[in-house]
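Each remark here refers to the structure printed beneath this line.
The values are calculated or read from the model by the stated rules, or taken from the named source; none is laboratory data. In this text the structure is predicted, and so the values were computed from the model without any measurement. All Cβ positions, glycine included, derive from the backbone under ideal geometry; neighbour counts span all protein chains shown. Side chains included, ligands, DNA and RNA excluded: accessible areas come from the protein's heavy atoms. Shrake-Rupley method; radii C 1.70, N 1.55, O 1.52, S 1.80 Å.
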Amino acid sequence: MGNCCLGGAATSQSAIRRSSSHRDANGPNDAVDGYLKSRGYHGLFTQIELSLSASNLRDRDVLSKSDPMAVIYTKGRDGSLQEIGRTEVVLNSLNPQWIKKVIITYHFEVVQTLLFHVYDVDSHFHGLEEKMLKLDEQQLLGEGTCLLSEIVTRPNRTLPVDLVGRVESTSSTHPKKLGQLTVHAEECVVSKTTTELVFRCMDLENKERFSKSDPFLVISKCVESGHAVPICKTEVLKNDLDPTWKPVSISISQVGSKETPLIIECFNFNSNGRHDLLGKVQKSLVELEKLSSGGEGEHLFVPVAIGKDHQTKVLKSRLFVDKFSESVHHTFLDYLDSGFELNFMVAIDFTASNGNPRLPDSLHYIDPSGRPNAYQKAILEVGEVLQCYDFDKKFHSWGFGARPIDGPVSHCFNLNGSSGHSEVEGIHGIMMAYASALFNVTLAGPTLFGPVIAAAAMIASQALAANQKKYFVLLIITDGVITDLQETKDALVNASDLPLSILIIGVGGADFKEMEILDADKGERLESTTGRVATRDIVQFVPFRDVQGGGEISVVQSLLEELPSQFLTFMRNRDIHPNTC
């Protein structure tokens, strides 16, 4: 994806410094990715390049027009600001199109608030670099704010943001509009092409005394420093001197280009970690493709030292490329840009184990001071993230495990009290329906998940049949141990073929071991009563008490980190592609 070409208005402007982004925007930043993973972030994070332009700015100069510069901040929940970048200064313009880009790391599972300040830079400071300018010495032309998720979910990833004056008092509820800022986002991805290769070797050297070698391959890319950086490896094949390994995938973004030299090393596995080198070759993806099409093998070699000289010894062992195929792997943001949305749903546990809602020790107690209970907090925090990805913001909302007025115990009733529809308007609508339901139902039991999962699956199935660009996310908030574990497994296995993910938050002090069974993070897929295995993992479970204590990762991040990958797995399993035209 390239940047939009700038029009004549941009090229005619006189910029003090038309510098490029402060960071290389041609691809993902490995250092940033590594840091984030080291801090516990395992969800979707990708680097976004922000381009800015403005229109109808105020003219603060007497003999000429304003000389605007934009400064971008991220705003924390506590109101603290962190500057992430500045544009260049554009001279004499009330409609600037800045060339300098600003890079920000986008996290799906985090609400990222952006604040934009546009300044008129005084002519006395035109010789200074932008980063050296003292902002309190410049005139503020206006400020605007938005969420990063609002930008990436807009058509063409372009969002207009009104610029207003800094609010000095509460006397005016409608700040004066001082122009408009337009923010455009591009994902920093070099290439989405992924190459799948099947490697085979013949006549490998036997390094074992009583058996045969246990070979595996390590594929590394050569970097400018001359070092080799591993990017993938095969499995170990036992007792095999003519191995054929399972396919490996290498993305162009990983290696830089198809011409980048790759080192393919074959080792004999040793349990002590000191693996024996059986030989290696150096080839680019272009050369590996030629090997595949020609059906010829490449002889492996090993380095040898003859005195002070370093030479190579060519072996009779050969490497073959039995398969070389390329495919395009679209990103999560590609699907959003193509009109796909995430539809938020919620199901709330009204079983008696929550305690009497009218007493302060109940998990459902609504504090008159306004402090949210655990259920309200979960709805607010998860809903705050997901609502931006739901276009109409009408959310299906259910309760389970209670007896509605003049009725039997229900394990899936509409939270709004309606007999005909389950949707409410916005997160506020969920909160209102929840509070109202507490006074209109009698808490009962047992705790059954199957009916609400079936209700969500029915809606997802109908959307899939109608070819709608919808993916559904059901949030279940519960305090107890489920009593229909196998029925829930059956429902989840059936739902694994649908555009649906299920988030479960456990509140209170119950034993949630069975929830961890549903969350197949340990690699074991769920199996139904009939022996059918889930096609993919669609459940993420988090006990609220484990992550609400102020650590690095919030409950929302823990809960939502797998959602983009679950979404992409479904799309790829179904061979559903975004519109890329």
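Of the residues in region 330-345, at least one is of a type in the set (D, E, K, R), in contact (Cβ under 8 Å) with a residue 12 or more places away in the chain, open to solvent by 20 Å² or more (accessible area, probe 1.4 Å) and out of contact with any strand residue (DSSP E or B) (no Cβ under 7 Å at 6 or more places or on another chain). Looking at region 176-294, the strands (runs of 3 or more DSSP E) lying wholly inside it that each contain 2 or more residues that are open to solvent by less than 50 Å² (accessible area, probe 1.4 Å) and without any contact (Cβ under 8 Å) to a residue 40 or more places away in the chain sit at 228-233, 276-283. Filter region 165-197 down to the residues that are touching a helix residue (DSSP H, G or I) at 6+ places or on another chain (Cβ under 9 Å) and small (Gly, Ala, Ser), then identify the one that is modelled with the lowest pLDDT. If we take residues in region 165-197 being touching a helix residue (DSSP H, G or I) at 6+ places or on another chain (Cβ under 9 Å) and small (Gly, Ala, Ser), then Ser191 is modelled with the lowest pLDDT.
Selection within region 82-110: residues that are free of Cβ contacts under 8 Å to residues at least 60 places away in the same chain and closer than 18 Å to Glu137 by Cβ. The member of this set that is surrounded by the fewest Cβ atoms within 10 Å (Cβ to Cβ) is Glu83. Checked against (1) open to solvent by less than 70 Å² (accessible area, probe 1.4 Å); (2) assigned to a loop (DSSP other than H, G, I, E, B); (3) closer than 14 Å to His396 by Cα, His421 passes all but a single condition, namely (1). Of the numbered conditions (1) buried (at least 19 other Cβ atoms within 10 Å of the Cβ); (2) in contact (Cβ under 8 Å) with a residue 40 or more places away in the chain; (3) under 20 Å from Ile502 (Cα atoms), Glu384 satisfies every one except a single condition; which is it? With (1) buried (at least 19 other Cβ atoms within 10 Å of the Cβ); (2) in contact (Cβ under 8 Å) with a residue 40 or more places away in the chain; (3) under 20 Å from Ile502 (Cα atoms) applied to Glu384, the lone miss is (1).
One residue stands out among those in region 298-348 that are at pLDDT below 95 and part of a loop (DSSP other than H, G, I, E, B): the one that is farthest from Ile505 (Cα to Cα), which is Gly307.
Okay, residues lined up against (1) modelled with pLDDT of 90 or more; (2) open to solvent by 20 Å² or more (accessible area, probe 1.4 Å); (3) under 20 Å from the mean Cα position of the chain (by Cα):
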site: Gln486; (1), (2), (3): yes, yes, no
site: Val493; (1), (2), (3): yes, no, no
site: Leu503; (1), (2), (3): yes, no, yes
site: Glu514; (1), (2), (3): no, yes, no
site: Leu518; (1), (2), (3): no, no, no
site: Glu524; (1), (2), (3): no, yes, no
site: Val533; (1), (2), (3): yes, yes, no
site: Glu552; (1), (2), (3): no, yes, yes
site: Leu563; (1), (2), (3): yes, no, yes
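Of everything in region 448-461, what is in a loop (DSSP other than H, G, I, E, B) and open to solvent by 10 Å² or more (accessible area, probe 1.4 Å)? Give them in sequence order. Explain how you work it out, then say what you get.
Of all residues in region 448-461, those in a loop (DSSP other than H, G, I, E, B) come to 448-449.
Answer for region 448-461, where residues must be in a loop (DSSP other than H, G, I, E, B) and open to solvent by 10 Å² or more (accessible area, probe 1.4 Å): just Leu448.
Quick check on my filter: what residues within region 36-57 are open to solvent by less than 80 Å² (accessible area, probe 1.4 Å), part of a loop (DSSP other than H, G, I, E, B) and either at positive phi or modelled with pLDDT of 55 or more (or both)? Within region 36-57, Gly40, Leu44, Leu57 qualify. Would you mind stating whether Gly506 is in contact (Cβ under 8 Å) with a residue 40 or more places away in the chain, farther than 19 Å from Lys394 by Cα and among the small types (Gly, Ala, Ser)? Considered against the rule, which asks whether it is in contact (Cβ under 8 Å) with a residue 40 or more places away in the chain, farther than 19 Å from Lys394 by Cα and among the small types (Gly, Ala, Ser), Gly506 comes out as no.
Here's the yes/no breakdown for (1) farther than 15 Å from Ala347 by Cα; (2) among the small types (Gly, Ala, Ser); (3) surrounded by fewer than 19 Cβ atoms within 10 Å (Cβ to Cβ); (4) over 31 Å from the mean Cα position of the chain (by Cα):
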{"residue": "Ser397", "(1), (2), (3), (4)": "no, yes, no, no"}
{"residue": "Phe400", "(1), (2), (3), (4)": "no, no, no, no"}
{"residue": "Asp406", "(1), (2), (3), (4)": "yes, no, yes, yes"}
{"residue": "Phe413", "(1), (2), (3), (4)": "no, no, no, yes"}
{"residue": "Asn416", "(1), (2), (3), (4)": "no, no, no, yes"}
{"residue": "Ile427", "(1), (2), (3), (4)": "no, no, no, no"}
{"residue": "Met432", "(1), (2), (3), (4)": "no, no, yes, no"}
{"residue": "Ala435", "(1), (2), (3), (4)": "no, yes, yes, yes"}
{"residue": "Leu438", "(1), (2), (3), (4)": "no, no, no, yes"}
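Does region 111-126 contain at least one residue that is hydroxyl-bearing (Ser, Thr, Tyr), in a loop (DSSP other than H, G, I, E, B) and surrounded by fewer than 15 Cβ atoms within 10 Å (Cβ to Cβ)?
Narrowing region 111-126 to residues hydroxyl-bearing (Ser, Thr, Tyr): 113, 119, 123.
Applying the additional criterion that residues be in a loop (DSSP other than H, G, I, E, B) yields none.
Taking every residue of region 111-126 in turn, none turns out to be hydroxyl-bearing (Ser, Thr, Tyr), in a loop (DSSP other than H, G, I, E, B) and surrounded by fewer than 15 Cβ atoms within 10 Å (Cβ to Cβ).
Within region 306-323, residues that are open to solvent by 80 Å² or more (accessible area, probe 1.4 Å) reach partners that are hydrophobic (A, V, I, L, M, F, W, C) and at pLDDT below 90 with beta carbons closer than 9 Å, at six or more positions or on different chains, in the pairs His310/Val304; Gln311/Val304; Gln311/Ala305; Thr312/Val304; Lys313/Val304. Each residue in region 351-363 was checked for being open to solvent by less than 60 Å² (accessible area, probe 1.4 Å), more than 32 Å from the chain's Cα centre (by Cα) and on the phi < 0 side of the Ramachandran plot, and 5 of them qualify.
Contact annotation: no residue pair with Cβ atoms under 6 Å, 6 or more positions apart or on different chains, pairs a residue in region 462-475 that is more than 22 Å from Leu560 (Cα to Cα) and assigned to a strand (DSSP E or B) with a partner that is of a type in the set (S, T, N, Q) and at pLDDT 95 or above. Would region 397-408 turn up any residue that is touching a helix residue (DSSP H, G or I) at 6+ places or on another chain (Cβ under 6 Å) and either of a type in the set (A, V, I, L, M) or in a helix (DSSP H, G or I) (or both)? Within region 397-408, not a single residue is touching a helix residue (DSSP H, G or I) at 6+ places or on another chain (Cβ under 6 Å) and either of a type in the set (A, V, I, L, M) or in a helix (DSSP H, G or I) (or both).
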